[in-house]
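Take a look at the structure below.
The values are calculated or read from the model by the stated rules, or taken from the named source; none is laboratory data. Computed from a predicted model, the values in this text were never measured in an experiment. Note that we place each Cβ from the backbone using ideal geometry, even for glycine, and neighbour counts take in every protein chain shown.
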Amino acid sequence: MRLAGKRALMIGAATGIGRAAALQFADNGASFVIADINLPAAEEAVKSMAKPDQHASALVCDVRDEASVQEAVSQAERRMGGIDTLVFFAGLQRLGHVEEFSGDDWDAVFEVNARGTFLATKHAVPVIRKAGGGSIITTSSLAGLRGAPGMTGYAAAKGAVIAYTVALAQELAPDNIRVNSVLPGWIDTPFNNPAIALMGGAEAHGEVVRRIVPLGRQGTPDEVAPIYVFLASEESRYITAKQMMVDGGMAH
(Lines give C-alpha, C1' and ligand atoms only; values in the text may rest on other atoms or scores of the structure.)
Protein backbone atom coordinates (compact mmCIF):
# COMPACT_ATOMS: atom_id res chain seq x y z
CA MET A 1 0.00 0.00 0.00
CA ARG A 2 2.64 2.47 -1.11
CA LEU A 3 0.08 5.21 -1.81
CA ALA A 4 -2.15 4.84 1.25
CA GLY A 5 -3.57 8.25 2.10
CA LYS A 6 -2.70 9.79 -1.27
CA ARG A 7 -5.40 11.66 -3.20
CA ALA A 8 -4.74 11.70 -6.92
CA LEU A 9 -6.37 13.53 -9.79
CA MET A 10 -5.54 11.51 -12.89
CA ILE A 11 -6.35 13.41 -16.09
CA GLY A 12 -6.70 11.33 -19.25
CA ALA A 13 -6.55 8.01 -17.40
CA ALA A 14 -9.57 6.25 -18.92
CA THR A 15 -7.50 4.21 -21.36
CA GLY A 16 -3.98 3.06 -22.19
CA ILE A 17 -1.08 3.86 -19.88
CA GLY A 18 -3.30 6.09 -17.75
CA ARG A 19 -5.77 3.32 -17.05
CA ALA A 20 -2.96 0.90 -16.14
CA ALA A 21 -1.53 3.48 -13.76
CA ALA A 22 -4.93 4.14 -12.18
CA LEU A 23 -5.32 0.42 -11.49
CA GLN A 24 -1.94 0.32 -9.77
CA PHE A 25 -2.80 3.47 -7.79
CA ALA A 26 -5.94 1.68 -6.60
CA ASP A 27 -3.99 -1.45 -5.72
CA ASN A 28 -1.54 0.66 -3.72
CA GLY A 29 -4.17 2.36 -1.59
CA ALA A 30 -4.68 5.74 -3.25
CA SER A 31 -7.96 7.55 -3.54
CA PHE A 32 -8.34 8.91 -7.06
CA VAL A 33 -10.52 10.69 -9.56
CA ILE A 34 -10.19 9.92 -13.25
CA ALA A 35 -10.97 13.00 -15.35
CA ASP A 36 -11.26 12.29 -19.05
CA ILE A 37 -12.96 13.60 -22.17
CA ASN A 38 -14.35 10.06 -22.60
CA LEU A 39 -16.61 9.93 -19.54
CA PRO A 40 -18.17 6.48 -20.22
CA ALA A 41 -14.68 4.92 -20.46
CA ALA A 42 -13.62 6.73 -17.29
CA GLU A 43 -16.70 5.52 -15.43
CA GLU A 44 -16.14 1.94 -16.61
CA ALA A 45 -12.51 2.10 -15.53
CA VAL A 46 -13.43 3.37 -12.07
CA LYS A 47 -16.11 0.71 -11.67
CA SER A 48 -13.56 -2.01 -12.37
CA MET A 49 -11.01 -0.58 -9.92
CA ALA A 50 -13.04 0.67 -6.96
CA LYS A 51 -12.07 -0.82 -3.62
CA PRO A 52 -13.61 -0.55 -0.13
CA ASP A 53 -12.53 2.47 1.92
CA GLN A 54 -10.93 4.22 -1.09
CA HIS A 55 -12.57 7.01 -3.04
CA ALA A 56 -12.70 6.34 -6.77
CA SER A 57 -14.84 8.34 -9.18
CA ALA A 58 -14.93 9.71 -12.70
CA LEU A 59 -15.72 13.08 -14.20
CA VAL A 60 -15.55 14.67 -17.61
CA CYS A 61 -12.64 16.94 -18.50
CA ASP A 62 -11.63 18.48 -21.82
CA VAL A 63 -8.04 19.67 -21.42
CA ARG A 64 -8.50 22.08 -24.34
CA ASP A 65 -11.02 24.06 -22.27
CA GLU A 66 -9.64 25.94 -19.26
CA ALA A 67 -13.04 26.14 -17.56
CA SER A 68 -13.41 22.35 -17.87
CA VAL A 69 -9.97 21.78 -16.34
CA GLN A 70 -10.65 24.21 -13.51
CA GLU A 71 -13.98 22.53 -12.74
CA ALA A 72 -12.36 19.08 -12.77
CA VAL A 73 -9.76 20.19 -10.22
CA SER A 74 -12.45 21.80 -8.06
CA GLN A 75 -14.71 18.74 -8.15
CA ALA A 76 -11.84 16.36 -7.41
CA GLU A 77 -10.81 18.45 -4.42
CA ARG A 78 -14.37 18.38 -3.06
CA ARG A 79 -14.81 14.66 -3.61
CA MET A 80 -11.53 13.62 -1.97
CA GLY A 81 -11.13 16.42 0.55
CA GLY A 82 -7.97 17.63 -1.18
CA ILE A 83 -5.43 16.72 -3.85
CA ASP A 84 -1.77 15.93 -3.24
CA THR A 85 -1.02 14.17 -6.53
CA LEU A 86 -1.71 15.29 -10.10
CA VAL A 87 -0.98 12.90 -12.94
CA PHE A 88 -1.48 14.13 -16.51
CA PHE A 89 -1.83 11.53 -19.28
CA ALA A 90 -3.96 13.30 -21.90
CA GLY A 91 -2.26 13.31 -25.28
CA LEU A 92 -2.81 13.71 -29.00
CA GLN A 93 -0.82 12.48 -31.98
CA ARG A 94 -1.00 14.19 -35.37
CA LEU A 95 1.73 13.02 -37.73
CA GLY A 96 3.02 13.91 -41.16
CA HIS A 97 6.08 15.20 -42.95
CA VAL A 98 6.75 18.84 -42.27
CA GLU A 99 5.86 20.23 -45.69
CA GLU A 100 2.48 18.49 -45.53
CA PHE A 101 1.76 19.23 -41.86
CA SER A 102 -0.94 21.87 -41.41
CA GLY A 103 -0.89 24.74 -38.97
CA ASP A 104 -4.17 23.46 -37.53
CA ASP A 105 -2.56 20.07 -36.79
CA TRP A 106 0.41 21.80 -35.18
CA ASP A 107 -1.90 23.86 -32.98
CA ALA A 108 -4.02 20.83 -32.03
CA VAL A 109 -1.00 18.83 -30.90
CA PHE A 110 0.28 21.71 -28.78
CA GLU A 111 -3.19 22.46 -27.42
CA VAL A 112 -3.64 19.00 -25.89
CA ASN A 113 -0.08 18.00 -24.99
CA ALA A 114 1.58 21.26 -23.95
CA ARG A 115 -1.25 23.67 -23.16
CA GLY A 116 -3.26 20.92 -21.49
CA THR A 117 -0.35 20.15 -19.18
CA PHE A 118 -0.04 23.84 -18.36
CA LEU A 119 -3.75 24.27 -17.59
CA ALA A 120 -3.90 21.19 -15.37
CA THR A 121 -0.90 22.22 -13.32
CA LYS A 122 -1.96 25.87 -13.17
CA HIS A 123 -5.22 24.99 -11.45
CA ALA A 124 -3.97 22.05 -9.38
CA VAL A 125 -0.94 23.77 -7.86
CA PRO A 126 -2.87 25.92 -5.33
CA VAL A 127 -4.82 22.86 -4.19
CA ILE A 128 -1.68 20.73 -3.80
CA ARG A 129 0.05 23.59 -1.98
CA LYS A 130 -2.91 23.78 0.41
CA ALA A 131 -2.43 20.07 1.12
CA GLY A 132 1.14 20.75 2.23
CA GLY A 133 2.83 19.66 -0.97
CA GLY A 134 2.88 16.57 -3.11
CA SER A 135 3.74 15.26 -6.54
CA ILE A 136 2.96 16.34 -10.08
CA ILE A 137 3.68 13.83 -12.83
CA THR A 138 3.50 14.86 -16.47
CA THR A 139 3.64 12.53 -19.44
CA SER A 140 6.00 13.38 -22.25
CA SER A 141 7.52 10.90 -24.69
CA LEU A 142 10.88 9.69 -25.85
CA ALA A 143 9.94 11.57 -29.03
CA GLY A 144 10.31 14.76 -27.03
CA LEU A 145 14.03 14.04 -26.66
CA ARG A 146 14.99 12.50 -29.98
CA GLY A 147 12.11 12.91 -32.43
CA ALA A 148 11.55 10.85 -35.55
CA PRO A 149 10.63 11.44 -39.19
CA GLY A 150 7.03 12.55 -39.52
CA MET A 151 6.80 13.44 -35.83
CA THR A 152 7.98 17.06 -35.87
CA GLY A 153 4.82 18.51 -34.34
CA TYR A 154 4.36 15.76 -31.77
CA ALA A 155 8.04 15.78 -30.82
CA ALA A 156 8.03 19.56 -30.43
CA ALA A 157 4.95 19.46 -28.19
CA LYS A 158 6.35 16.68 -26.01
CA GLY A 159 9.69 18.48 -25.86
CA ALA A 160 7.81 21.50 -24.56
CA VAL A 161 6.31 19.31 -21.82
CA ILE A 162 9.82 18.28 -20.74
CA ALA A 163 11.07 21.88 -20.60
CA TYR A 164 7.96 23.00 -18.75
CA THR A 165 8.29 20.17 -16.22
CA VAL A 166 11.89 21.09 -15.39
CA ALA A 167 11.07 24.78 -14.99
CA LEU A 168 7.97 24.08 -12.91
CA ALA A 169 9.91 21.73 -10.63
CA GLN A 170 12.29 24.54 -9.77
CA GLU A 171 9.45 27.00 -9.26
CA LEU A 172 7.50 24.72 -6.91
CA ALA A 173 10.35 23.17 -4.91
CA PRO A 174 9.95 25.72 -2.07
CA ASP A 175 6.32 24.55 -1.74
CA ASN A 176 7.37 20.90 -1.29
CA ILE A 177 5.80 20.04 -4.65
CA ARG A 178 7.87 17.70 -6.78
CA VAL A 179 7.42 17.71 -10.58
CA ASN A 180 8.69 14.91 -12.80
CA SER A 181 7.89 13.57 -16.26
CA VAL A 182 7.51 10.03 -17.59
CA LEU A 183 8.82 9.42 -21.10
CA PRO A 184 7.46 6.22 -22.63
CA GLY A 185 9.12 4.74 -25.69
CA TRP A 186 7.31 2.25 -27.92
CA ILE A 187 4.38 1.06 -25.80
CA ASP A 188 1.72 -1.29 -27.15
CA THR A 189 -1.41 0.89 -27.03
CA PRO A 190 -3.81 2.15 -29.72
CA PHE A 191 -2.44 5.64 -29.11
CA ASN A 192 0.51 4.73 -31.35
CA ASN A 193 -1.63 3.53 -34.27
CA PRO A 194 -1.07 6.75 -36.27
CA ALA A 195 2.70 6.31 -35.97
CA ILE A 196 2.47 2.65 -36.97
CA ALA A 197 0.43 3.60 -40.03
CA LEU A 198 2.98 6.27 -40.95
CA MET A 199 5.73 3.63 -40.77
CA GLY A 200 3.91 1.40 -43.24
CA GLY A 201 1.88 -0.87 -40.98
CA ALA A 202 2.38 -3.40 -38.20
CA GLU A 203 4.98 -5.55 -39.98
CA ALA A 204 7.23 -2.60 -40.84
CA HIS A 205 6.78 -1.19 -37.35
CA GLY A 206 7.72 -4.52 -35.79
CA GLU A 207 10.93 -4.63 -37.80
CA VAL A 208 11.87 -1.14 -36.66
CA VAL A 209 11.15 -1.95 -33.02
CA ARG A 210 13.30 -5.07 -33.16
CA ARG A 211 16.12 -3.06 -34.69
CA ILE A 212 16.14 0.06 -32.50
CA VAL A 213 14.89 -1.17 -29.10
CA PRO A 214 17.65 -3.05 -27.27
CA LEU A 215 15.10 -5.25 -25.50
CA GLY A 216 13.70 -6.11 -28.92
CA ARG A 217 10.01 -5.45 -28.28
CA GLN A 218 7.40 -2.90 -27.34
CA GLY A 219 6.56 -2.32 -23.71
CA THR A 220 3.11 -2.70 -22.18
CA PRO A 221 1.09 -0.16 -20.18
CA ASP A 222 1.56 -2.36 -17.09
CA GLU A 223 5.32 -1.95 -17.45
CA VAL A 224 5.06 1.87 -17.49
CA ALA A 225 2.53 2.24 -14.68
CA PRO A 226 4.90 1.43 -11.75
CA ILE A 227 6.97 4.53 -12.53
CA TYR A 228 3.92 6.68 -11.82
CA VAL A 229 3.35 4.84 -8.53
CA PHE A 230 6.98 5.43 -7.56
CA LEU A 231 6.88 9.14 -8.42
CA ALA A 232 3.66 9.61 -6.45
CA SER A 233 5.01 7.76 -3.41
CA GLU A 234 7.22 8.94 -0.59
CA GLU A 235 9.95 6.70 -1.98
CA SER A 236 10.71 9.45 -4.53
CA ARG A 237 10.59 12.36 -2.07
CA TYR A 238 14.09 13.56 -3.09
CA ILE A 239 13.45 13.32 -6.83
CA THR A 240 12.24 16.30 -8.85
CA ALA A 241 12.80 17.87 -12.30
CA LYS A 242 13.61 14.46 -13.78
CA GLN A 243 12.69 12.65 -16.99
CA MET A 244 11.99 9.00 -16.27
CA MET A 245 12.41 7.00 -19.47
CA VAL A 246 10.59 3.71 -19.95
CA ASP A 247 11.85 2.74 -23.38
CA GLY A 248 13.49 -0.69 -23.45
CA GLY A 249 16.92 0.91 -23.60
CA MET A 250 16.46 3.19 -26.62
CA ALA A 251 17.86 6.29 -24.93
CA HIS A 252 21.34 5.23 -23.93
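A few remarks follow.
- Every residue from the range 1-58 that is under 24 Å from Pro190 (Cα atoms), in contact with a helix residue (DSSP H, G or I) (Cβ under 8 Å, 6 or more places away or on another chain) and part of a loop (DSSP other than H, G, I, E, B): Gly12, Ala13, Ala14, Thr15
- Residue under evaluation Asp53, criteria (1) under 26 Å from Arg129 (Cα atoms); (2) in contact (Cβ under 8 Å) with a residue 12 or more places away in the chain, criterion not met: (2)
- Going through (1) modelled with pLDDT of 95 or more; (2) polar (S, T, N, Q); (3) part of a helix (DSSP H, G or I); (4) under 28 Å from Thr220 (Cβ atoms) one by one, Gln70 falls short only on (4).
- Only residues that are touching a residue at least 60 places away in the same chain (Cβ under 8 Å) and assigned to a helix (DSSP H, G or I) were counted in the range 78-91, giving 1.
- Residue in the range 177-186 that is in a helix (DSSP H, G or I) and either crowded, with 19+ Cβ neighbours inside 10 Å or modelled with pLDDT of 90 or more (or both) present: no
- Here Ala35, Ala20 are screened, and the one residue that is touching a strand residue (DSSP E or B) at 6+ places or on another chain (Cβ under 8 Å) and buried (at least 17 other Cβ atoms within 10 Å of the Cβ) is Ala35.
- Among residues of the range 92-116 that are within 24 Å of Ala35 (Cα to Cα) and modelled with pLDDT under 95, those with a Cβ under 8 angstrom from a residue that is buried (at least 18 other Cβ atoms within 10 Å of the Cβ) and of a type in the set (Ser, Thr, Tyr), sequence gap 6+ or separate chain, pair up as Gln93/Tyr154; Arg94/Tyr154.
- Residues of the range 65-95 that are under 25 Å from Ala124 (Cα atoms), crowded, with 16+ Cβ neighbours inside 10 Å and among the aliphatic types (A, V, I, L, M): Val69, Ala72, Val73, Ala76, Met80, Ile83, Leu86, Val87, Ala90, Leu92.
- Which listed residue, of Val98, Val112, is surrounded by fewer than 17 Cβ atoms within 10 Å (Cβ to Cβ) and not small (Gly, Ala, Ser): Val98
- Whichever residue in the range 221-252 is β-branched (Val, Ile, Thr) and in contact with a strand residue (DSSP E or B) (Cβ under 7 Å, 6 or more places away or on another chain) and, among such residues, is surrounded by the most Cβ atoms within 10 Å (Cβ to Cβ): Val224
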